[in-house]
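In what follows, a single structure is set out as structure tokens and then discussed.
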Amino acid sequence: MRSVYDLQTNLAKHFVQFAILRRLAYCAESLGPRTTMDYKTPGQLIQALLAEKRWTQRVLAIVLNMDETGINKLVADKRSVDAQLALALEDVFHVPAEKFLEIQKSFDLAKARITTMPDPGRATRARLYGDLPVAEMIKRGWITAESVRDTSQVEGELVRFFGVNRVDDIEILPHAAKKTEVSHDATPAQLAWLYRVKQIAQDMLVPAYSPANLRAALPKLKARMTSAEGAADVPRIMHESGVRFVLVETLSSAKIDGVCFWLEGRAPVIGMSLRFDRIDNFWFVLRHEIEHVLQGHGQKGAMLDAELEKDRAGTGPGIAEEERVANQAAQEFCVPSNLMDAFVARKAPFFSERDLVGFARVVKVHPGIIAGQLQRRTGRYDRFRDHLAKVRETISPNAMKDGWGDVAPVDF
């Protein structure tokens with residue numbers, strides 16, 4: 001049997017529902033044949049309700065305990081209906097308070113559309129400040145401004161940074177002409193990073209590029225892979241090959257690893273971010289970008305490499321052809337696939353420190369490069385981390401760099 005408590009609870013629920021329905025019906029009937037949709041302002045609705053009741057504004061003032069001047073302003077739409085007044089009007093006219101507030105909101109918005117002066121720069125500022133990491137660009141010294149809130153100064157600096165004549169021509173804006181062709185859609189932060197690499201590269205003096213010299217440099221680079229200190233020679237070797245080699249710390253939202261592009265179609269540029277300060281990642285990304293140069297990639301559109309790791313560093317069917325070629329060249333350069341496959345086949349699933357170091361000696365690379373390969377193949381990124389030597393502090397003193405506390409001296 002159902003308890004007395006259950007019966008009382010159900011009766012209470014039904015009573016509340018019935019009371020709500022009665023109130024809605026009563027409120028609807030009080031408006032007569034017209035609805036609140038027929039009135040464009042709260043004053044119009046109040047005036048119609050007064051007419052139905054044959055009340056004067058003075059009567060309404062007495063009922064609401066308000067001064068008559070306030071009621072006159074209310075009917076003339078010179079005073080707004082707030083939540084408290086809407087509830088009072090609901091009690092008097094049996095019209096839901098929400099209706100008064102909805103009409104007031106629509107009326108206020110309509111007035112604002114008429115009286116507010118349009119600001120054509122608002123949408124532009126929304127894109128610039130919403131998409132570009134302006135505060136970070138100021139902090140990095142890419143643009144000069146006292147504060148991110150000084151919009152006129154910031155916009156002038158962005159015009160200078162992007163090399164355009166006016167704000168509306170800044171490349172990240174949807175209506176601006178695109179001046180930088182890239183291999184895939186780039187975020188505003190990635191474009192800003194790319195512009196910084198380009199600014200630095202344009203100021204560099206290097207010998208004329210020679211594909212033969214760059215190919216001849218590969219054995220020299222390979223010989224430097226046995227130690228973390230070997231990375232220090234990379235900027236010099238790239239310079240001698242006619243390649244502008246630039247290090248620019250990534251912007252926090254860009255997730256950039258590297259880029260390859262050409263100045264005036266004949267001077268190749270390789271930019272790297274050292275987003276992961278690991279010996280294995282450094283040599284993979286470097287050789288990846290070198291292959292882009294050797295293949296002539298990036299002459300029509302910058303080869304922008306973001307999140308170049310895991311599957312994106314592979315050669316599977318989902319990888320674009322130009323990236324697949326560069327990934328394969330980087331893999332073979334770091335550790336030849338046939339040797340790596342044979343090592344894994346012999347030692348899997350157990351890989352000891354001794355095996356790793358011994359194999360590194362055989363292929364003449366730093367053990368960290370083998371460690372990185374094993375991590376990717378096994379998915380065990382917690383193993384052999386002690387071998388992943390850092391290279392940024394080794395290579396930075398000899399390279400054109402921007403970031404990590406330094407600002408590249410660039411002439412605009």
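Just a yes or no: is a residue in segment 268-276 over 22 Å from V134 (Cα atoms) and either more than 27 Å from the chain's Cα centre (by Cα) or open to solvent by 10 Å² or more (accessible area, probe 1.4 Å) (or both)? Looking through segment 268-276, at least one residue is over 22 Å from V134 (Cα atoms) and either more than 27 Å from the chain's Cα centre (by Cα) or open to solvent by 10 Å² or more (accessible area, probe 1.4 Å) (or both). Among the residues of segment 389-398, are any surrounded by 22 or more Cβ atoms within 10 Å (Cβ to Cβ) and within 18 Å of Q331 (Cβ to Cβ)? Among the residues of segment 389-398, not one is surrounded by 22 or more Cβ atoms within 10 Å (Cβ to Cβ) and within 18 Å of Q331 (Cβ to Cβ), which makes the answer no. Exactly one residue among D402, D406, D386 is over 30 Å from the mean Cα position of the chain (by Cα) and acidic (D, E), and that residue is D386. Between a residue in segment 109-128 that is free of Cβ contacts under 8 Å to residues at least 40 places away in the same chain and exposed (fewer than 12 other Cβ atoms within 10 Å of the Cβ) and any residue that is part of a helix (DSSP H, G or I) and of a type in the set (D, E, K, R), which pairs come within a Cβ distance under 9 Å, given they are 6 or more apart or on different chains? Here the result reads D119/R125, each pair linking segment 109-128 to a residue that is part of a helix (DSSP H, G or I) and of a type in the set (D, E, K, R). For segment 399-412, the set of residues classified as of a type outside the set (V, I, T), open to solvent by less than 30 Å² (accessible area, probe 1.4 Å) and modelled with pLDDT under 90 consists of A408 only. Checked against the criteria, R380 does not count as open to solvent by 30 Å² or more (accessible area, probe 1.4 Å), over 24 Å from L194 (Cα atoms), of a type outside the set (D, E) and part of a helix (DSSP H, G or I). Looking at segment 234-253, which of the residues that are under 22 Å from D203 (Cβ atoms) and out of contact with any strand residue (DSSP E or B) (no Cβ under 6 Å at 6 or more places or on another chain) is surrounded by the fewest Cβ atoms within 10 Å (Cβ to Cβ)? The extreme case among them is R236.
Counting only helices (runs of 4 or more DSSP H) that fall entirely inside segment 52-117 and contain at least 1 residues that are more than 44 Å from the chain's Cα centre (by Cα), the qualifying elements are 57-64, 68-75, 83-93. When you scan segment 288-304, do you find a residue that is hydrophobic (A, V, I, L, M, F, W, C) and in a loop (DSSP other than H, G, I, E, B), even just one? No: segment 288-304 contains no residue that is hydrophobic (A, V, I, L, M, F, W, C) and in a loop (DSSP other than H, G, I, E, B). Exactly one residue out of L205, L247 is more than 22 Å from H184 (Cβ to Cβ), of a type in the set (A, V, I, L, M, F, W, C) and assigned to a strand (DSSP E or B): that is L247. The requirement of being out of contact with any strand residue (DSSP E or B) (no Cβ under 9 Å at 6 or more places or on another chain), closer than 30 Å to Y39 by Cβ, hydroxyl-bearing (S, T, Y) and part of a helix (DSSP H, G or I) is not satisfied by S152. Taken over segment 264-287, residues that are part of a strand (DSSP E or B) and either at positive phi or touching a strand residue (DSSP E or B) at 6+ places or on another chain (Cβ under 6 Å) (or both) amount to 5.
The values are calculated or read from the model by the stated rules, or taken from the named source; none is laboratory data. The shown structure was predicted, so the numbers you read here are calculated from the model rather than taken from an experiment. We place every Cβ from the backbone using ideal geometry, glycine too, and count neighbours over all the protein chains shown. Accessible surface is based on the protein model in full, side chains and every heavy atom, while ligands, DNA and RNA are left aside. Shrake-Rupley method; radii C 1.70, N 1.55, O 1.52, S 1.80 Å.
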